[in-house]
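Just so it is clear, none of the values below were taken in a lab; they were calculated from the coordinates. Remember, it's a predicted structure, so these values are computed and weren't measured experimentally. Virtual Cβ from ideal backbone geometry, glycine too; neighbours counted across all protein chains shown.
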Amino acid sequence: MLTHNLGYPRIGSKRQLKKASEAYWKEKISLHDLLQVGADIRLQNWKLQQEAGIDLIPSNDFSFYDQVLDMSLTVGAIPERYHEIVTDQKRPELDLYFAMARGYQKDGLDIIAMEMTKWFDTNYHYIVPEFKKDQKFKLFSTKVLEEFKEAKRLGIHTKPVILGPISYLLLGKEKEEGFSRISLLKNLLPVYLEILTKLENSGATWVQIDEPYLAMDLSNEQKEAIQYAYNEIKKACPSLKVLIASYFDTLGDNISLASSLPACALHIDLVRAPEQLEKVLESIPKNMSLSLGLVDGRNIWKNDFKNSLALIEKAKKAKVSERLLISPSCSLLHSPCDLEEEHNETDLTTEIKNWLAFAKQKVWEVSHLKNLALGKEDKANLTILSDNQAAIQSKTNAQIVHNPKVQKAIDLLDSGYSQRKSAFGDRQKVQEDNLKLPLFPTTTIGSFPQTKEVRQWRAHLKKGVLTQNQYDELISQETKTAIQWQEDIGLDVLVHGEFERNDMVEYFGEQLNGFVFTQNGWVQSYGSRCVKPPIIYGDVSRPQAMTQKWTSYAQSLTDKNVKGMLTGPVTILQWSFVRNDQARSATCQQIALAIREEVKDLENAGIKIIQIDEPALREGLPLRVSNWDEYLEWAVDCFRIASTGVEDKTQIHTHMCYSEFNDIIKHIAAMDADVITIECSRSQMELLDAFAEFQYPNEIGPGVYDIHSPRIPTEDEMVQLMEKAKAVISDRQLWVNPDCGLKTRGWKETKEALTRMVQAAKTLRKDTGLNISSFTTNAVNTP
Ligand code: GLN
Ligand code: ZN
């Protein structure tokens, strides 16, 4: 029996990599310094895994930005626009690499970055490979080899990790028509064979090849491609021990394919899909080893050793011990680094801390599991097991986890909680009377620029430099200015600006029971960007109103309607570490009930329009399409629980900001929000086609300008986009708004852009007004 790890977090336990790379980008530190920080992190990671007794320690799991981009550089898939960036002494390879990730505006060049998108169902973003029809590949970067050799020099024999050829191709995008990226395999494979041969020649014994697509639905062509690729690898490197890793879901109907591959070992995720073990054991050949992914790489809870040992026992019955490997379920990239970095004096009490395991602790868990499974019943091991079970028990029985009131409220949930009083058509009339908005009403998505000052006030409040009163005063001034300014430029539905919020999930989590926050539980989101997801440990409830104070204050300053602004239950769930002792849907329902109460409080306070943001609804989609409906049903129901407790006259908005609604449009309609605002401008309104085709009945605000760039759109552009929208959606349904919140923008460009946007809406009304009056005239003249 061997222990191994699929990957360790590379940001450093104190986010050293973030700090160093940002300093390097600002030219504050040298390349040499940056490389040194990378080397130090690798050394630290390797050492701590070695100390924990991990048999196969990964290398090449380190990355300066992203492992998929690493692969693009390795196989030389460098889009043409970067060919101008010649690497030499002055401009190292790493600068080309960063240019691909972040764009390049230097030395008279202006090259845009590669696209970035979410890594399966995680909140990690990878850089999307770009492929052309005649795409050539060649071994360009030898990072994987160098890291293996680096570790070897340090006396650590590692298992290099690379992203497999099939998943690499499937994660990419065709940049021209007329070919399918999987057809590039024959060009790509020789580079893989070259790398693997070089690794073997350098002394590598094991390599881990990640094929997360094995947990997805695969076409026959894709299945054949996998078969072909691994046959070729076997032929080229017959004695290299290849471990193929799948994760994030069950192998499902790919079990027989996966176990037929000529690999030395197969890794399966038994945290997400423990039920697959039996079938895998039935179909896996005798000479293939099985890696049991037992320790959750995606969450922060201690492993329940009893559970894991039971799974190992099951595997032992079918397979000899020597053919088993013990490991985390997936790379620990998605876990925070080290619980020891958390200090006790904060929210994270000793009680809760005792329930948690971060990456470093998880590595030890893997090693403990092996010892326990091998029946090493010495005193130390028995203590480890009993401590573990005591921690698990203490969480199961903890008072702070269970709130009978919440349980009771959940038991009372019935379909009445998911239904508005009247159908949309009737509500629309009542709302038109209640709100008296013009045609093509203008609004924004919620946040206004979070300037340095605003962020500093919050930091000063935390440090005690500002008192709560002083802070509140500053925020109210900022809000007041924003309200006045929105009135001045003539927006129809105003927002308070979200100046008091740090983050759209954290702000709510901090005010809800059942949540706790770490000081250092950072996880890489993309590049140098890290997030610190809240931990939901117990039943969620709302002790008091959360947003009413600032919303009501903003409303008191104006006669126009101020839109209340809430984060939806699915998004809060999706961006947190969640409980593992109940279904995600159950946790989501609890959050939904808390938001429902907040919605009612806002309504009672006289707020007539309330927006419930759900930008993360789509990213929660399961990997397997066959599981989509089940997820979407409870997710939509939770949104409805949150949003339907109001009177007909109260207008509910929702907001989502990602493309591709086609495949889930039915469920978006089922959310039954009175208005949905969506990101649309980058796709030039193409996104709206899904709504048009479906004959989406409610109102829609298709974003008319991209907020990701400081560029100010012209009025004409926005009118043009709205004309496109008008062609497929009726005028009465349409709103005019930007793509998303303006938090990351500066005031100057925001003011300019919104002024033009309001002007664009006026132009639209004028044009439409003419049509209406000519229609009326006609009607009058008709005898
Ligand atoms: N209301 C939020 C904002 O305006 C929405 C953010 C989002 O969609 N991610 O910032
Ligand atoms: Zn958005």
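A protection proxy built from the mean count of other Cβ atoms within 10 Å ranks the segments 592-605, 357-370, most packed first, as 357-370, 592-605. Where Lys and Arg each count +1 and Asp and Glu each count -1, what net charge lies around Ala245 among other residues with Cβ under 14 Å from its Cβ? Here the count lands on -2. Computed from the C-beta positions of Gln720 and Glu693 and an R0 of 22 Å, the FRET efficiency is 0.55 to the nearest 0.05. What residues of the range 263-287 lie in the reach of a label at Lys314, counting those whose backbone N is under 15 Å from a point 7 Å from the Cα along Cα→Cβ? In the range 263-287, the label zone of Lys314 (backbone N under 15 Å from the point 7 Å along Cα→Cβ) covers 268-284. The convex hull built on the alpha-carbon positions of the range 571-632 has an orientation-averaged projected area of 5.1 nm².
Ranked by the mean number of other Cβ atoms within 10 Å of their residues, highest first, the peptides 331-340, 174-183, 697-706 come out as 331-340, 697-706, 174-183.
Footprinting exposure proxy ranking of Lys306, Lys314, Lys726, fewest other C-beta atoms within 10 angstrom first, gives Lys306, Lys314, Lys726. Listed by chain and number, the aspartates and glutamates whose alpha-carbon sits under 19 Å from that of Lys306, ignoring those within fewer than 8 places in the same chain, are Asp269, Glu275, Glu278, Asp296, Glu365, Glu377, Asp378, Asp387, Asp581. Between the helical axis of 584-604 and the longest alpha-carbon principal axis of the chain there is an angle of about 20 degrees. The slack between Glu146 and Phe179, meaning 0.36 nm per residue of separation minus the straight C-alpha distance, is 8.5 nm. Using just its DSSP H runs of length 4 or more, each adding -39500 (n - 2.57), the chain gives a mean residue ellipticity at 222 nm of -14000 deg cm²/dmol after division by all residues.
Axis angle, to the nearest 10 degrees, between helix 379-397 and the longest C-alpha principal axis of the chain: 20 degrees.
Around the amide H of Ser289, modelled in the peptide plane, lie the amide H atoms of Ala265, Leu266, all under 5 Å away and 5 or more residues distant in sequence or on another chain. Shape descriptor for the range 460-588: Rg over Rh equals 1.02 (Cα atoms; Rh from the Kirkwood inverse mean 1/r). Look at Trp206, Trp119, Trp735 and count the other Cβ atoms within 10 Å of each Cβ; fewest to most, that gives Trp119, Trp206, Trp735. Given axes a ≥ b ≥ c from the Cα gyration tensor, I'd like to know whether the range 84-190 is rounded (a/c under 1.5), prolate (a/b larger than b/c) or oblate. Because a/c hits 1.5 or more and a/b fails to exceed b/c, the range 84-190 counts as oblate. With an a/c value of 1.5 or above and a/b larger than b/c for the gyration tensor axes a ≥ b ≥ c computed over the alpha-carbon atoms, the range 240-385 is described as prolate.
In summary, the convex hull built on the alpha carbon positions of the chain has an orientation-averaged projected area of 36.0 nm². Sorting Met216, Met100 by the number of Cβ atoms found within 10 Å of their own Cβ, with the fewest placed first, yields Met216, Met100. For Glu510 and Arg624, the FRET efficiency from 1/(1 + (r/R0)^6), where r spans their Cβ atoms and R0 equals 45 Å, is about 0.85. Mean projected area of the convex hull spanned by the Cα atoms of the range 2-53, taken over all viewing directions: 3.8 nm². Shape class for the range 396-544: oblate, because the ratio a/c of the largest to smallest gyration tensor axis (alpha-carbon atoms, square roots of eigenvalues) is 1.5 or more and b/c is at least a/b. Looking at the range 558-664, the pairs of alpha carbons with a distance over 24 Å make up 27% of the total.
Note on Glu647 and Glu351: with the Förster distance fixed at 60 Å, the Cβ-Cβ geometry gives a FRET efficiency of about 0.90. The angle between the Cα long axis of helix 747-781 and the longest principal axis of the Cα atoms of the chain comes to about 50 degrees, rounded to the nearest 10. A straight chain from Ser730 to Leu413 at 0.36 nm per residue would run longer than the Cα-Cα distance by 110.5 nm. Close amide-amide hydrogen proximity is noted between Leu2 and Leu324, Leu325, Ile326, each under 5 Å apart and 5 or more residues distant or on a separate chain (H modeled in the peptide plane; Pro and chain starts excluded).
Quick check: the distance between the Cα centres of the range 20-77 and the range 654-682, to the nearest angstrom? The two parts, judged by their Cα centres, are 38 Å apart.
Packing order of peptides 662-670, 620-628, highest average first: 662-670, 620-628 (average count of other Cβ atoms within 10 Å over each peptide's residues). The modelled label-to-label distance between Gln582 and Lys379, using points 7 Å beyond Cα along the C-beta direction, is 4.2 nm.
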